[in-house]
Amino acid sequence: MIELTALTKRYGRTTAVDDLTLSVRPGHVTGFLGPNGAGKSTTLRMIIGLTVPTSGTATVDGVPFRARPRGLRHAGALLDAGDVHGGRSAVAHLSALARSNGIPRSRVEEVLREVGLSAAARRRIGGFSLGMRQRLGIAAALLGDPPVLLFDEPFNGLDPEGVRWVRDLFRRLAGEGRTVFVSSHLMSEMEHCADRLVVIGRGRLIAEQSLAEFAAGS
Ligand code: ADP
Ligand code: ADP
């Protein structure tokens, strides 16, 4: 369970996230919908403790991550697909993450298989397509087998088969009782995978409802 209470982040005069209060429940895929610049990435970064809130709190299973990321065994996130060392192989990248998060090395091959990157495991990440980078980021999020998973624009760069695979993965993770929170700027991407929706605009909460309520226009 993720709980945000009056969560706010300002950058100078820009209020990226404005007094956000909401909860994201386990056992569901919750879509986090809003246009570019709405504050989605900033919110996700505050949830895992990579960005410190200006005020308010974000807790995961009752524990605030504020000040320091608690690591991949507690919450895994696919963040910006860009921030990996291109010179490394996928195996080297994930092995380093496993080591620093106290995760058994055997998980590396497992998650690579799960995301369909086994054949590319020893190739340089620098030569990966955007879709392969997304798969690698998803592998990193899955590495610690965490109860809470955050995905920032996971569909970017994926072909239709990749999109179906990611949707099925999210449904399965939620079916296992995990909390799955997925940001997107496109409603069409949420339609076939989310069962709940949180909509934000200019950092503020606009709606929080089930997909059925959303579709009914309530
Ligand atoms: P989204 O993920 O919905 O596209 P972001 O959370 O990335 O939105 O950005 C929300 C707002 O905060 C934008 O106006 C963005 O320019 C600003 N912002 C985000 N990160 C920073 C930062 N590190 N420094 C300054 N402004 C930022
Ligand atoms: P840095 O000083 O490079 O930001 P961090 O340890 O804060 O070092 O994080 C390194 C990278 O690991 C971040 O850029 C982020 O993408 C990723 N990261 C950190 N914590 C998590 C987490 N809980 N889930 C997923 N990715 C994470």
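Here, each number is a calculation from the coordinates, and none is a lab measurement. Only a predicted model underlies this, so the values are computations on that prediction, with no experimental measurement involved. Backbone-built Cβ (ideal geometry, glycine too); neighbour counts: all protein chains shown.
Below are the figures for this structure:
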item	result
In the stretch 111-140, trypsin sites (Lys or Arg not before Pro) in a DSSP loop with at most 13 other beta-carbon atoms within 10 Å	Arg122
Coarse-grained scattering of the stretch 1-143 at q = 0.09 Å⁻¹, given as base-10 log I(q)/I(0) from a Debye sum over alpha-carbon atoms	-0.32
P(r) histogram, all alpha-carbon pairs of the stretch 92-218 included - 5 Å bins from 0, percent	2, 10, 19, 20, 19, 14, 8, 6, 3, 1
Mean Cα-pair separation over length for the chain, i.e. relative contact order, pairs under 8 Å, 6 or more apart, %	30
Charge dipole magnitude, Cβ of K and R +1, D and E -1 - the chain, Cα centre, debye nearest 20	840
Label-point separation, Glu176 to Glu114 (7 Å along Cα→Cβ), nm	0.4
Environment charge of Ser129, counting only residues whose C-beta is closer than 12 Å and scoring Lys/Arg +1, Asp/Glu -1	+2
FRET efficiency, 1/(1 + (r/R0)^6) with R0 25 Å, evaluated for Arg164 and Ser106 via beta carbons	0.35
Relative exposure of Met132, Met187, Met46, judged by other C-beta atoms within 10 Å (fewest first)	Met187, Met132, Met46
Extension gain, Ala212 back to His185 (0.36 nm per residue minus Cα-Cα distance, nm)	7.8 nm
